[in-house]
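The values are calculated or read from the model by the stated rules, or taken from the named source; none is laboratory data. Predicted model, so just to flag it, every value in this text is computed and none were measured. Glycine also receives a Cβ, built like all others from the backbone with ideal geometry; neighbour counts cover every protein chain displayed.
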Amino acid sequence: MPTAHPLCKVSEMPPGSRKLVTIGGRDIGVFRLEDGRFFGLRNRCPHRGAPLCAGRLMGLVTAERPYQLVRQREGEILRCPWHGWEFDLTTGRSVFMPEGVRVKSYPVRVQDAPEPAVDKFDVTESEGIVVLWIE
């Protein structure tokens with residue numbers, strides 16, 4: 001059964017940010033995309049063990065015909081800083097061989113905080129907490 005690990009307030013992770021955490025001896029990168037969705041990936045490239053989550057976030061470039069390039073899924077692809085292997089943040093699968101190479105991905109959810117876990121301010125009644133689930 002998955003275990004919840006509260007990480008931070010949602011406001012502490014603006015869109016486009018990442019947070020590196022260590023839980024149970026595993027280094028994990030938690031990412032918040034520009035559209036507000038959260039994803040978690042193991043911070044270890046399967047190629048040579050590089051700190052994958054330190055890599056650059058980018059999109060995919062596709063083309064149905066020569067010289068007609070289309071950029072899509074901006075900010076959803078993570079490029080390893082050592083050798084350039086690319087992984088889909090939403091699934092952990094590699095871009096070049098999605099059925100054969102992948103990185104462990106972790107579900108990340110935003111939940112309302114229990115009363116004692118969050119400071120209260122006059123402006124806000126309750127603020128969400130980013131929660132990482134580990135099996």
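Odds and ends about this structure:
- Close pairs from the range 29-42: first among the hydroxyl-bearing types (Ser, Thr, Tyr), partner modelled with pLDDT of 90 or more, Cβ under 6 Å, at least 6 apart: none
- Test: residue in the range 33-41 that is over 13 Å from the mean Cα position of the chain (by Cα) and either modelled with pLDDT under 90 or farther than 18 Å from Trp82 by Cα (or both): no
- The residues in the range 13-36 that are charged (D, E, K, R), over 16 Å from Arg109 (Cβ atoms) and outside any strand (DSSP E or B) can be counted, and the count is 1.
- Restricting attention to the range 56-88 and to residues that are surrounded by 10 or more Cβ atoms within 10 Å (Cβ to Cβ) and charged (D, E, K, R), the residue that is farthest from Phe38 (Cα to Cα) turns out to be Arg71.
- Members of the range 43-64 found to be at pLDDT below 90 and under 18 Å from Gly100 (Cα atoms), listed by number: Pro46, His47, Arg48, Gly49
- Considering (1) at pLDDT 90 or above; (2) within 21 Å of His5 (Cα to Cα); (3) within 13 Å of the chain's Cα centre (by Cα), the lone condition that Tyr106 does not fulfil carries the number (1).
- For the residues Phe87, Phe96, Phe39, the requirement of being in contact with a strand residue (DSSP E or B) (Cβ under 9 Å, 6 or more places away or on another chain) and assigned to a loop (DSSP other than H, G, I, E, B) singles out Phe96.
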